Structures are given as C-alpha cells and as structure tokens.
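To keep things clear, I will list the structure first and then write my remarks on it.
Coordinate-derived values only; no laboratory data. In this text, all values refer to a predicted model and were calculated from it rather than measured experimentally. FYI the Cβ positions are ideal-geometry reconstructions off the backbone, even for glycines, and counts take in every protein chain you see.
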Amino acid sequence: QVLLNAVNFPEKSTLLDVGCGYGPMGLTLAKVQGVTATLIDVNLRALALAEKNAQKNGVEASIFQSNLYANVSGTFDNIVSNPPIRAGKDVVHGVISGAYDHLNVAGTLTIVIQKKQGAPSAKNKMTEVFGNCEVITKEKGYFILQSYKVWVFNELKYHMFHDNYFQF
C-alpha cells in the first residue's frame, strides 16, 4: 500500500513487477493507474495466484515465470519490486542490477523495502547501478526507493558509432 500511494505512473506506460508474488502491486497499478503490466516470479504457485487475482479483478496482464530477468525480453518504462528479502542479498541486488538493462531511458526502478531488512544497502546498490536514488517516502518502517535511468554521454557515443551514425 505504501508503494501504491507513493507512485503515479503515466497511463499506458509499461511496467514490470519483479518478484510479483500473488500480484498486488502490478495488478493494482494496472487497474488504478492504467499501466500495461508484466508480472514475473520464480514461484509457480505465486504466479497461479497472480493469474487468479488478475481474472478476479478484471485486469489484463502478462504473467510468467522468470528467475529475475532470465525470461524477460524488451524494456519497460517502470520496474517495481518488493524484493524477496529471504532469498538473500544477492537476489535483492540482482533485482536492482538487472533492472538497468530492462528500462527505457528515463525509466524508473521503484523498490519497497523495510529499513530493518536492508533499505540502506538497497539504496547504496541503486546509487551504484543508476548513479542516483531517492527515498520518495518512508512510512511504517517501509522505504520507497526510486532510481531513474539516465542517458549518459558514453552510451550516446557508443550508439552513435555502433549504429553507424558517423560515416567516414
């Protein structure tokens, strides 16, 4: 609920919910804010519940199994996650690190995490990966952290040469 109150994504923007569980974040954002949602989780039982919840609430979403981003193709305007803390720090950091390559330029990664379960560590990792991280809200021990993908000069230079913008 804290995350849902903290974000306002544009209607029809694309959203990936990583570690969706039974789907509360991705499905609610699809229903309330009109985003085009994709939900992934490694747990088949959680995905079955997410499918059931989507049907029950009349929400269209792409829901499929993926270990982090292994089965995800394409890029998204926004990625959200309530990372599976019990899976360990490597998995949480994998959610953060993998997000960069799956975001459109100016896309956001938004994480909900309890302070006592690693919010400072997650914030540091997000800053390391994205070069920025903002605490957009704190409520009842939960932090909502958000980073955005910046188009940097080195990427521009790479694409300019790689995509043959310059001809000699």
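Across region 98-118, the residues whose backbone nitrogen lies under 17 Å from the label position 7 Å along the beta-carbon direction of F64 are 102-103. Counted over the chain, the DSSP beta bridges are approximately 40% antiparallel.
Taking Rg and Dmax of the Cα atoms in Å straight from the coordinates, which label in [x] 15.3, 49; [y] 16.4, 59; [z] 17.2, 56 is the correct one? Looking at Rg and Dmax of the Cα atoms in Å for this model, the match is [y].
So what is the relative contact order for the chain, in percent, with contacts set as C-alpha pairs under 8 Å and at least six apart?
Working: 316 pairs, mean separation 31.0, N = 168.
Dividing the mean separation by the residue count of the chain yields 18 percent.
Put +1 on the Cβ of each Lys and Arg and -1 on the Cβ of each Asp and Glu in the chain; which of Q114, V32, H102 then has its Cα farthest toward the positive end of the dipole? In the chain, that residue is Q114.
Under 11 Å from the Cβ of T36, count the other residues' Cβ atoms, weight Lys and Arg +1, Asp and Glu -1, and hand me the total. Spell out each step's value before the answer.
Working: positive: K12; negative: E11, E60, D77.
It works out to a net charge of -2.
Annotation for region 88-106 versus region 23-71: alpha-carbon center distance of 18 Å.
In a DSSP loop and with at most 13 other Cβ atoms within 10 Å, there are no chymotrypsin sites (Phe, Trp or Tyr not before Pro) in region 9-105.
Measure up K52/K89; K31/K52; K89/K115; K31/K125; K116/K140; K125/K149 against 20 Å on the Cα-Cα distance and list the ones that go over. Check vs 20 Å cut-off fails for K52/K89; K31/K125.
All other residues with a Cβ under 11 Å from the Cβ of K123 taken together, and with Lys, Arg as +1 and Asp, Glu as -1, what is their net charge?
Numbers: positive: K115, K125; negative: E128, E134.
Surrounding charge for K123 is 0.
The label-point distance for A87 and A48, in a model that sets each label 7 Å from Cα toward Cβ, rounds to 1.9 nm.
If the only charges are +1 at each Lys and Arg Cβ and -1 at each Asp and Glu Cβ, what is the size of the charge dipole of the chain around the Cα centre, to the nearest 20 debye? Write down the numbers at each step before the final one.
Working: 15 positive and 13 negative charges, 132 e Å.
So the dipole magnitude of the chain works out to roughly 640 debye.
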